[in-house]
Amino acid sequence: MSRLNSYRELEHLREQLREQRQSITTTVMVCGGPGCQPSGSQAVINAVRDELSRQGLDQSVRLCVTGCHGFCEQGPVMVIEPGNVFYCKVSPEDAFEIVYQTVMKGELVERLLYMDPVSGERIRTEAEIPFYRAQDQQILSQNRMVDPCSIEDYIVAGGYSTLARVLNGVTPEEIINEIKSSGLRGRGGGGFPTGRKWEECWEAPGDEKYVICNADEGDPGAYMDRGVLEGNPHLVLEGMMIGAQAVGARKGYIYVRNEYPLTVKHSQIAVEQARELGLLGDSILGSSFSFDVDIARGGGAFVCGESTALMASIEGKVGEPRAKDVHTVVDGLYHKPTTLNNVETWANVPAILLNGSSWFASKGTQGSKGTKILALTGRIKNTGLVEVAMGTTIREVVFDIGGGAVNGNLIKAVQIGGPSGGCLPVDKFDLAVDFDALSEAGSMVGSGGMVVMDDETCMVDVAKYFLTFLQDESCGKCLPCRLGIDRMLEIITDITEGRGKPEQFDLLEELAATVSQTALCGLGKTAPNPVLTTLRYFRPEYEAHIDEKKCPAGVCKALITYSIDPDKCTGCGVCISGCVHGAITGEKKQVHVIDAELCQKCGICRSECKFDAIQVA
């Protein structure tokens, strides 16, 4: 394809591509996202491609390798259109049946349909599955429409039409006012109003300005930005171009972790394709707007998710934050005005400008508009990426979409917002996914990580886990974060190992308050949240650890003892063969015994026993 020099040429190309695809009768969309790849989606893709070729269907059937569909728990997944037929847990051996029975004959392969765990019925279409039915997918639904490595797919789906419209006489003031009117707030953590940020950068003095896409997603269990950028990179690029036109920038960066090689690869391919078509570079679509993007690869430091640390990293410096007495919209990258938003924020921009601010503002709550993508993980049946309207309750996400707890356990809590978020108990599940409501409860929307915990989770141990993570990831530049997190972790460790004292409660709360008020950057200021919220909502668990020297959930090794219930033990010997420490003895068909001195409390015997005879006290 040759360089596009006008809006008319872009539309002509779009019509050409659509005409070329009129002979396609069926589209098989296979997820190649981060959840399905480990389940073997590439082997499925290869097998279906080979089978289509054998059947001579290469011209009439389109095999589209897409980004994440969301339902990672059921991967590899595929959707066949027309019909919206949804197949899950597909294997390469299923390729013949899928092609012959469904593509050629229009019949279903029943065993590949999703089975509803409540009714036991097979569900035919993706739209009918409760996991999808309860969502409001605006961004994620576009993933299954395009091959992330094909700019042609994106253009056929309407891509870059919003950019063309913006460049055809829409002023920066009009763009910014539309974003402000929409109520879009940053999806990367703090929820700062996007329109205000853009306006401040536009008004900042200087001709040299930058826009940055923050794809440095380091929260444990979070992959929302990865799923969007990896699955639809041109959507993010188009959002960045519109933002650049609004603030007056000619240069942009996508800062992405090098630990996400597929995301890096897809971003690079998208940038190269856009350059080749003249959608990046000088005089884009024949306008006076010139803009280009480079990919900056991060080394994996969690602190580089903070804006000033990220910018320092791009500049080739140590990724450390700096004081924000002057905001980065005025003094940012290379001390020039800079607008930084995360992947999801940029991905929302094209639709807002295309459909209007009132369309976006019609979803959500008074202070939190639009939809939010969440990474739903933990002790829950349906894990994956979900997208819901702001204002949806935590209960709806966990039970209606997530399907509730696994193994019949009771849900105890949910941790929202990554390591800097807070842990909320089940009696707070009627709270909405809303920036202000969650902040008042001591948590935050953050980037959208949502980890579900059941009654086998120790909340003191959870606080210890996140403090350990934050201790490892702290850059150590400021004293409150460097020493405050260390000291909080020492106290929590004492509590989990039976050395806790009642007077440590006050010290822990005082330390947490000090760190949150005096740390240099936002990551340090929010680091105490897991401690403060677990103390606030799960204090009896802390008291049991200190006063009774017991871990109610049976997690903290120093406070638990393994034993065998003689009434349940059948003497099958499975626990003996599974114990690598030789701590279990007993004759065949006789009650077995655990030697407490030899037992390392690893839990293998408990997981192996089919009779629930291993007791933890």
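Computed from the coordinates by the stated procedures, all read-outs in this text should not be read as laboratory data. Keep in mind that this is a model prediction, so the values were computed, not measured. FYI the Cβ positions are ideal-geometry reconstructions off the backbone, even for glycines, and counts take in every protein chain you see.
Numbers below:
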{"read-out": "Shape call, the chain: gyration tensor on alpha carbons, a/c limit 1.5", "value": "oblate"}
{"read-out": "Additional length obtainable on full extension of the chain from HIS581 to ASP486, 0.36 nm per residue less Cα span", "value": "30.9 nm"}
{"read-out": "Under 17 Å from LYS336, Cα to Cα: lysines that are on another chain or at least 8 residues apart", "value": "LYS197, LYS209, LYS251, LYS317, LYS324"}
{"read-out": "Cα long-axis angle, helix 479-496 against the chain (0 to 90 degrees, to the nearest 10)", "value": "40 degrees"}
{"read-out": "Centre separation in Å (Cα based) which lies between the range 303-364 and the range 556-613", "value": "54 Å"}
{"read-out": "Nearby aspartates and glutamates by direct alpha-carbon distance to LYS180 (threshold 20 angstrom, same-chain neighbours under 8 apart not counted)", "value": "GLU199, GLU200, GLU203, GLU238, GLU344, ASP434, ASP436"}
{"read-out": "Among beta bridges that DSSP assigns inside the chain, antiparallel share in %, nearest 5", "value": "55 percent"}
{"read-out": "Length-normalised contact order for the range 561-616 - Cα pairs under 8 Å, 6+ apart - percent", "value": "46 percent"}
{"read-out": "C-alpha long axis of helix 261-276 to longest principal axis of the chain, angle in °", "value": "10 degrees"}
{"read-out": "Percent RCO, i.e. relative contact order, over the range 151-360, from Cα pairs under 8 Å lying at least 6 residues apart", "value": "31 percent"}
{"read-out": "Three-way shape call for the range 151-360 based on the alpha-carbon gyration tensor, with the a/c threshold at 1.5", "value": "rounded"}
{"read-out": "Cα centroid of the range 191-222 to Cα centroid of the range 91-148, whole Å", "value": "37 Å"}
{"read-out": "Of the trypsin sites (Lys or Arg not before Pro) in the range 424-530, those whose Cβ has at most 15 other Cβ within 10 Å and which sit in DSSP loop", "value": "ARG499"}
{"read-out": "Cleavage-rule hits, trypsin sites (Lys or Arg not before Pro), the range 69-153, DSSP coil, Cβ neighbours within 10 Å at most 12", "value": "LYS105"}
{"read-out": "Mean separation of Cα contacts under 8 Å, 6 or more apart, over the residue count of the chain: relative contact order %", "value": "11 percent"}
{"read-out": "Reciprocal mean inverse distance between Cα atoms of the range 22-129 - Kirkwood radius, Å", "value": "13.7 Å"}
{"read-out": "Kirkwood Rh in Å, taken over the range 371-454 so that all alpha-carbon pairs contribute", "value": "12.2 Å"}
{"read-out": "Charge tally in the Cβ shell below 15 Å around ARG21, where Lys, Arg are +1 and Asp, Glu are -1, ARG21 excluded", "value": "-4"}
{"read-out": "Mean-position separation - Cα centroids, the range 393-468 and the range 1-71, in angstrom", "value": "37 Å"}
{"read-out": "Residue-averaged [θ]222 nm for the chain, counting only DSSP H segments that reach four residues, each worth -39500 (n - 2.57)", "value": "-10000 deg cm²/dmol"}
{"read-out": "FRET efficiency for VAL318 and GLN268, using Cβ-Cβ distance with R0 set to 25 Å, rounded to 0.05", "value": "0.50"}
{"read-out": "Inter-label distance, nm, simple model (7 Å from Cα along the C-beta direction), ASN84/ALA513", "value": "5.3 nm"}
{"read-out": "Gyration tensor (alpha-carbon) shape descriptor, the range 561-616, a/c threshold 1.5", "value": "rounded"}
{"read-out": "Within the range 267-334, trypsin sites (Lys or Arg not before Pro) in DSSP loop having at most 11 other beta-carbon neighbours inside 10 Å", "value": "LYS317"}
{"read-out": "Ranking of ASP147, ASP494, ASP216 by count of other Cβ atoms within 10 Å, fewest first", "value": "ASP494, ASP147, ASP216"}
{"read-out": "Long pairs among LYS428/LYS501; LYS549/LYS601; LYS381/LYS549; LYS464/LYS525, criterion Cα-Cα beyond 27 Å", "value": "LYS428/LYS501; LYS381/LYS549"}
{"read-out": "Neighbour-count order for CYS521, CYS304, fewest beta carbons within 10 angstrom listed first", "value": "CYS521, CYS304"}
{"read-out": "Translational D in µm²/s for the range 300-457 (Stokes-Einstein at 4 °C, 1.567 mPa s, Kirkwood Rh from C-alpha pairs)", "value": "75 µm²/s"}
